[in-house]
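Colleague: Next up is a structure, given as structure tokens.
The values are calculated or read from the model by the stated rules, or taken from the named source; none is laboratory data. Keep in mind that this is a model prediction, so the values were computed, not measured. For neighbour counting, all protein chains shown are included, and Cβ atoms are generated from backbone atoms with ideal geometry for every residue, glycine included.
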């Protein structure tokens with residue numbers, strides 16, 4: 001028999017898994033933050049799912065942010081507890097791919113989700129669950145150019161195959177989704193700095209010739 005405290009701890013673990021899976025479409029360090037993420041969380045009563053809308057301003061070009069958002073290899077560095085991101089299928093033209101994401105959360109069996117993503121480079125990514133342990137997992141990333149760099153918009157609808165109280169889902173999302181966005185921001189700023197440095201070196205070499 002599970003005691004009340006143990007039941008509460010188990011539900012909290014499940015809730016954290018929901019947040020990690022919500023972030024695990026793609027699944028860094030360093031870099032100054034351009035601004036705090038904006039976040040809106042609603043419970044969709046009809047779908048019995050969490051609806052997320054979030055955004056962050058990033059001082060990096062859309063092409064640079066795109067490289068971070070769509071990088072399967074880098075994903076475990078971005079998403080907490082994302083154990084792996086494995087490419088299963090890929091369109092040679094780069095218009096879509098299918099990925100298997102595995103979440104490894106303490107006290108919970110590994111959670112596997114297979115996602116199909118469709119790309120409109122470098123503006124939009126639409127992703128949707130096609131197999132795995134989530135009941136609903138779908139959404140999109142939108143990249144908008146700004147004078148300072150990029151506005152990254154994220155929206156999604158997510159629901160696990162097990163019951164979790166709504167207030168616990170909302171609280172965990174409000175903690176973990178901003179962290180994910182900050183990781184994207186930091187990695188994008190760092191990559192942009194490296195690219196700019198490479199361009200400066202290349203330009204300097206050409207002038208000397």
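Colleague: Please pick out the residue among 136, 173, 184 that is within 17 Å of residue 52 (Cβ to Cβ), in a helix (DSSP H, G or I) and in contact with a strand residue (DSSP E or B) (Cβ under 6 Å, 6 or more places away or on another chain).
Modeller: 173
Colleague: Moving to a separate point now. Given the structure, is residue 200 surrounded by fewer than 20 Cβ atoms within 10 Å (Cβ to Cβ) and at pLDDT 95 or above?
Modeller: Judged against the criteria, residue 200 is not a match.
Colleague: In addition: Could you say whether any residue in region 100-115 is more than 18 Å from the chain's Cα centre (by Cα), assigned to a strand (DSSP E or B) and at pLDDT 95 or above?
Modeller: No, region 100-115 contains no residue that is more than 18 Å from the chain's Cα centre (by Cα), assigned to a strand (DSSP E or B) and at pLDDT 95 or above.
Colleague: Now a separate question. Working only within region 125-135, note down all residues that are farther than 24 Å from residue 68 by Cβ and surrounded by fewer than 18 Cβ atoms within 10 Å (Cβ to Cβ).
Modeller: 131, 135 - these are the residues of region 125-135 that are farther than 24 Å from residue 68 by Cβ and surrounded by fewer than 18 Cβ atoms within 10 Å (Cβ to Cβ).
Colleague: Could you pull out the residue among 84, 117 that is out of contact with any helix residue (DSSP H, G or I) (no Cβ under 8 Å at 6 or more places or on another chain) and under 17 Å from residue 180 (Cβ atoms)?
Modeller: From the options 84, 117, the qualifying one is 117.
Colleague: If the requirement is being surrounded by 14 or more Cβ atoms within 10 Å (Cβ to Cβ), modelled with pLDDT of 90 or more and assigned to a loop (DSSP other than H, G, I, E, B), which of these qualifies: 147, 92, 122?
Modeller: The match here is 122.
Colleague: Only one of (1) in a helix (DSSP H, G or I); (2) at pLDDT 90 or above; (3) in contact with a helix residue (DSSP H, G or I) (Cβ under 7 Å, 6 or more places away or on another chain) is not met by residue 60, so which one is it?
Modeller: (1)
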